[in-house]
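*Asks:* Sharing a structure with you now.
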Amino acid sequence: MLEIVVIVLALLTGANWLLNLLAKRPDGGFRGISMGCGLFLAVFMTVIFIQAVTDPKEEFMAATVVVPWIALGVLLMVKASKKP
């Protein structure tokens with residue numbers, strides 16, 4: 001139970017830091033949403049890619065379908081973190 005509380009506090013602290021950093025810019029809300037969506041795409045599509053590659057029953061094409069989504073997630077994160 002304590003681990004869950006620590007993880008939640010760490011996530012809230014990180015989100016607060018990120019939103020405070022992005023709030024200094026006029027388009028901070030859009031940048032926050034873009035960073036969150038990009039992070040979601042990059043992390044979870046990478047996990048799906050690794051699972052598809054390591055599973056012997058999966059086809060290779062199933063793994064290559066998620067590669068553009070990973071690239072899109074990284075692109076969103078880079079665009080959100082750059083200064084205008």
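The values are calculated or read from the model by the stated rules, or taken from the named source; none is laboratory data. Everything numeric here is computed off the predicted structure, so don't read it as measured data. For neighbour counting, all protein chains shown are included, and Cβ atoms are generated from backbone atoms with ideal geometry for every residue, glycine included. Accessible surface areas use protein heavy atoms only, side chains included; no ligands, DNA or RNA. Shrake-Rupley method; radii C 1.70, N 1.55, O 1.52, S 1.80 Å.
*Asks:* How many residues does the stretch 22-42 hold that are open to solvent by less than 60 Å² (accessible area, probe 1.4 Å), at pLDDT below 75 and assigned to a helix (DSSP H, G or I)?
*Replies:* Residues in the stretch 22-42 being open to solvent by less than 60 Å² (accessible area, probe 1.4 Å), at pLDDT below 75 and assigned to a helix (DSSP H, G or I): 3 in total.
*Asks:* Within the stretch 1-19, track down each residue that is open to solvent by 90 Å² or more (accessible area, probe 1.4 Å) and at pLDDT below 80.
*Replies:* Residues satisfying the conditions are Met1, Leu2, Leu19.
*Asks:* May I pose another question? For the stretch 47-73, how many residues meet the condition of being assigned to a helix (DSSP H, G or I) and open to solvent by 50 Å² or more (accessible area, probe 1.4 Å)?
*Replies:* Looking only at the stretch 47-73, we keep the residues that are assigned to a helix (DSSP H, G or I), and these are 47-54, 60-64, 67-73.
Now restrict to residues that are open to solvent by 50 Å² or more (accessible area, probe 1.4 Å): 47-51, 53-54, 60-61, 67-69, 71-72.
Number of matching residues: 14.
*Asks:* Now a separate question. Is it the case, given these coordinates, that Met45 is touching a residue at least 40 places away in the same chain (Cβ under 8 Å) and either among the aliphatic types (A, V, I, L, M) or out of contact with any Ser or Thr (no Cβ under 9 Å at 6 or more places or on another chain) (or both)? Can you show your working first?
*Replies:* On the way: touching a residue at least 40 places away in the same chain (Cβ under 8 Å): no; either among the aliphatic types (A, V, I, L, M) or out of contact with any Ser or Thr (no Cβ under 9 Å at 6 or more places or on another chain) (or both): yes.
Considered against the rule, which asks whether it is touching a residue at least 40 places away in the same chain (Cβ under 8 Å) and either among the aliphatic types (A, V, I, L, M) or out of contact with any Ser or Thr (no Cβ under 9 Å at 6 or more places or on another chain) (or both), Met45 comes out as no.
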